[in-house]
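The values are calculated or read from the model by the stated rules, or taken from the named source; none is laboratory data. Being a predicted model, the structure only gives us computed values, none of them experimental. Quick reminder, even Gly has a Cβ in these numbers, built from the backbone with ideal geometry, and neighbours come from all protein chains shown. Calculation scope for accessible area: heavy atoms of the full protein, side chains included, ligands and nucleic acids excluded. Shrake-Rupley method; radii C 1.70, N 1.55, O 1.52, S 1.80 Å.
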Amino acid sequence: MQEVPEPRELTEIEIMETINAFRKAALNAIEAGADGVEIHGANGYLIHQFLGENSNVRSDEFGGSIKKRARFAIEVAKAVVDEIGADKTGFRISPMNLLGGVNEGQQGEELYRYLVGELNKLNLAYLHIMHVDREHLLKDIRGIWGNTLIVNRPSRPVDQISLDIDNGLADLSSVGVLALANPNLVEKLKNNMPLNDPNPQTFYINKGEEGYTDYPKMNE
């Protein structure tokens, strides 16, 4: 962990500049050869902070009510869609997960129902949910969202990866840690081969091959 500066409230001009930065980043990704982009509205990052009741204490058009707290996320999505197209744009959320200390508050479920409904109007390629609780909210989102829904359940047992798909709650199931620790994960799952145990101490750090390129492959 690194020292971080005390955050400050963005000015409205900076908000517009940041929305345009998302737009430009999406275009850069496509021009670099990516098939599409996923807008990260989850896990305690900036868009998620605008959704949080405790992290967003603004009193202007980007804070306060549910609609105002969701505005930044929606404006970013609209800008990206305008730049690269809805068919190349996904959006990720992590409802009520308290990631990064962000707490959406007592109106959190209502906020996500509203946000998902507004994003659904944009006809995005998919919605990606990091889901750990509140099954009724997931069912509500499934009912609101009209396109592909991807559900990620952290620490889910391998034999339950397809459970949400089987139950009609998801179209796709994403994995995170399993993919970090297992080269050729899909082939391993297809062949019922044992998976490597992940080493969280090596995640996303730059200290050589350990935890990066040294996990055993299928035939090792």
**Report entry** the chain: most fluctuating residue of Met193, Met130, Met96 per GNM, C-alpha cutoff 10 Å
**Finding:** Met193
Report task. Tell me what the chain gives for mean residue ellipticity at 222 nm when only DSSP H runs of n ≥ 4 count, each as -39,500 (n - 2.57), the sum divided by the residue total, rounded to 500 deg cm²/dmol. Result -> -11000 deg cm²/dmol
**Report entry** J(HN,Hα) series, the range 21-38, from Karplus relation 6.51 cos²θ - 1.76 cosθ + 1.60, nearest Hz, glycine and proline x
**Finding:** 5, 4, 4, 5, 4, 5, 4, 4, 4, 5, 5, 7, x, 5, 7, x, 10, 10
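Please report the orientation-averaged projected area of the range 121-215, defined via the convex hull of its C-alpha atoms, in nm².
Working: hull surface 30.5 nm².
Taking the Cα atoms of the range 121-215, their convex hull projects to 7.6 nm² on average.
Taking all protein chains in place and a 1.4 Å probe, what share, in percent, of the accessible surface of the range 59-139 do carbon and sulfur account for?
Working: 1490 of 3400 Å².
Reported share for carbon and sulfur atoms: 44 percent.
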Query raised in the report: lysines near Lys188 by alpha-carbon distance under 27 Å, same-chain residues fewer than 8 away left out - which ones?
Result: Lys207, Lys217
Report task. Quick one: pull the percentage of alpha-carbon pairs in the chain with a separation above 24 Å. Result -> 51
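What is the magnitude of the charge dipole of the chain about its Cα centre, with +1 placed on the Cβ of each Lys and Arg, -1 on the Cβ of each Asp and Glu, and no other charges, expressed in debye to the nearest 20?
Values: 22 positive and 33 negative charges, 80 e Å.
The calculated dipole for the chain is roughly 380 debye.
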Query raised in the report: Which of the lysines could be linked to Lys88 by a straight reach, that is with a Cα gap under 22 Å, when you skip same-chain ones fewer than 8 residues away?
Result: Lys24, Lys78, Lys121
Report summary line: Among Thr89, Leu115, Asn54, the residue whose Cα sits farthest towards the positive end of the charge dipole of the range 48-179, when +1 is placed on the Cβ of each Lys and Arg and -1 on the Cβ of each Asp and Glu, is Asn54
Report task. Taking only protein heavy atoms into account and a 1.4 Å probe, give the accessible area per residue of the range 80-136 in Å². Result -> 43
Report summary line: Taking placed amide H atoms and a strict 5 Å upper bound, the residues 5 or more places from Ser55 or on another chain that come that close are Asn103
Report task. Could you run the Debye sum over the Cα atoms of the range 103-152, one equal point scatterer each and no solvent, and tell me log10 of I(q)/I(0) at q = 0.27, 0.32 Å⁻¹, two decimals? Result -> -1.15, -1.41
